[in-house]
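To keep things clear, I will list the structure first and then write my remarks on it.
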Amino acid sequence: MTRVLVVEDDPQLARALVINLQARHYGVDAAPDGATALRLTAVRPPDAVLLDLGLPDMDGVDVIKGLQGWTRAPVLVLSARQSSGEKVSALDAGADDYITKPFSMDELLARLRAAVRRAADLPPVPETTPVETDDFTVDLLAKKVVRGGRDVRLTPTEWNLLEILVTHPGRLVTQKHLLQEVWGLSRSSRTNYLRVYMAQLRRKLEKDPSHPRYLITEPGMGYRFEA
Ligand code: CA
């Protein structure tokens, strides 16, 4: 049974999440604050965490960092705020995905399934030759990126995106394909996710993220990796 930890202080929303998840045969624990979430994670490690960023006792980013001491389960952030700065710090801290409130339960469940699937995925057939650029190296076998002699820490979502792009060098990869592969979304209306995660990747890999040399946007169509 896939176990989900719901961390949400709004009792109505927490209850709706618990009921919907249980109806789909997930095992569910619920925590109304960060301290309870960390305690529950230690005693009963979840397979995925749904985390509200606005909790009464702790900053959401600190909860993400605390969770990492106990579990490698994917963290899906639920954020009521529109602030992209908050999302970026959650992603930097290691969140795997974010969903802006209000969201549809169907979409949340699809994203949760995709996150759990990604976490359980066996590594793809390994490419033995690392992908080299002038600024960084992507080792697909070791799932490692090295830049300037240092490991670059990528979240699973960032890694997924990068892996798809670098294994199709010089080719346009469509938004639709990426949304489907990385988030399990069949409709291509959520291109804002792509923009946020591509910006993250560029910040980590590009010398000048606002003028990318390797991770190229094809406006309205998709993205292309140029070695
Ligand atoms: Ca809240």
Would you please give the residues with an amide H less than 5 Å from that of ALA31, counting only those at least 5 places away or on a separate chain, with H modeled from the backbone geometry? VAL6, VAL7, GLU8
Length released on extending from ASP135 to VAL88, taking residue separation times 0.36 nm less the Cα-Cα span: 14.6 nm
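Enter the accessible area per residue of region 3-121 (Å², integer; probe 1.4 Å; all protein chains in place).
On the way: 5250 Å² over 119 residues.
Averaged over the residues of region 3-121, the accessible area is 44 Å².
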In order over region 41-58: 3J(HN,Hα) from phi, Karplus 6.51/-1.76/1.60, θ = phi - 60°, whole Hz, x for each Gly or Pro, gives 4, 5, 7, 9, x, x, 8, 7, 10, 9, 10, 6, 7, x, 9, x, 10, 9
Rounded to a whole number of µm²/s, how large is the Stokes-Einstein D of region 117-227 at 37 °C and 0.692 mPa s, given Rh as the Kirkwood radius over C-alpha pairs? 230
What part of the accessible area of region 26-77, given as a whole %, is carbon or sulfur when the probe is 1.4 angstrom? 52
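I need to check one value: relative contact order of region 3-121, counting alpha carbon pairs closer than 8 Å and at least 6 residues apart, in percent. Numbers along the way, then the final one.
Values: 191 pairs, mean separation 26.5, N = 119.
Result for region 3-121 is 22 percent.
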The chain, relative contact order in percent, only Cα pairs under 8 angstrom and at least six apart counted: 13
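Sorted from largest to smallest, which semi-axis lengths in Å does the alpha carbon gyration tensor of the chain give for its equivalent ellipsoid, taking the root of 5 times each eigenvalue? It would help to have the intermediate numbers written out before the result.
Details: eigenvalues 193, 65, 57 Å².
Gyration-tensor ellipsoid for the chain: 31, 18, 17 Å.
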With θ set to phi - 60°, apply the Karplus curve 6.51 cos²θ - 1.76 cosθ + 1.60 along region 20-26 and write out the HN-Hα couplings as whole Hz, x wherever there is a Gly or Pro. 5, 5, 5, 5, 9, 6, 7
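Taking 0.36 nm per intervening residue step and subtracting the Cα-Cα distance, what contour gain separates SER210 from LEU109 on full extension?
On the way: separation 101, 0.36 × 101 = 36.36 nm, distance 3.38 nm.
This chain segment gains 33.0 nm when fully extended.
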Taking all protein chains in place and a 1.4 Å probe, what share, in percent, of the accessible surface of region 131-225 do carbon and sulfur account for? 47
Modelling each spin label as a point 7 Å along the Cα-to-Cβ direction, I'd like the ARG15/LYS176 distance in nm, to one decimal. 4.2
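Determine the sum of side-chain charges near ALA93: Lys and Arg each +1, Asp and Glu each -1, restricted to other residues whose C-beta is under 15 angstrom from that of ALA93.
Values: positive: LYS65, ARG72, LYS87, ARG153, ARG203, LYS204; negative: ASP52, ASP59, ASP62, GLU86, ASP92, ASP96, ASP97, GLU158.
Value of the local net charge: -2.
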Directionally averaged shadow of region 3-121, computed from the convex hull of its alpha-carbon atoms, nm²: 6.5
For region 134-202, which trypsin sites (Lys or Arg not before Pro) are both in a DSSP coil and crowded by at most 16 other Cβ atoms within 10 Å? LYS143, ARG153, ARG171, ARG187, ARG190
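Just to confirm the filter: which trypsin sites (Lys or Arg not before Pro) across region 6-45 are DSSP coil and have at most 16 other Cβ within 10 angstrom of their Cβ? Spell out each step's value before the answer.
Working: sites: ARG15, ARG24, ARG39; in loops: ARG24.
In loop regions of region 6-45 (DSSP not H, G, I, E or B), the sparsely surrounded trypsin sites (Lys or Arg not before Pro) are ARG24.
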Under 5 Å from the placed amide H of LEU78, counting only residues 5+ away or on other chains, we find LEU51, ASP52, LEU53, ILE99
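The values are calculated or read from the model by the stated rules, or taken from the named source; none is laboratory data. Nothing here was measured: the structure is a model prediction, and the numbers come from that model. Don't worry about glycine lacking a Cβ; one is built from the backbone with ideal geometry, like all the others, and counts go over all protein chains shown. Accessible surface areas use protein heavy atoms only, side chains included; no ligands, DNA or RNA. Shrake-Rupley method; radii C 1.70, N 1.55, O 1.52, S 1.80 Å.
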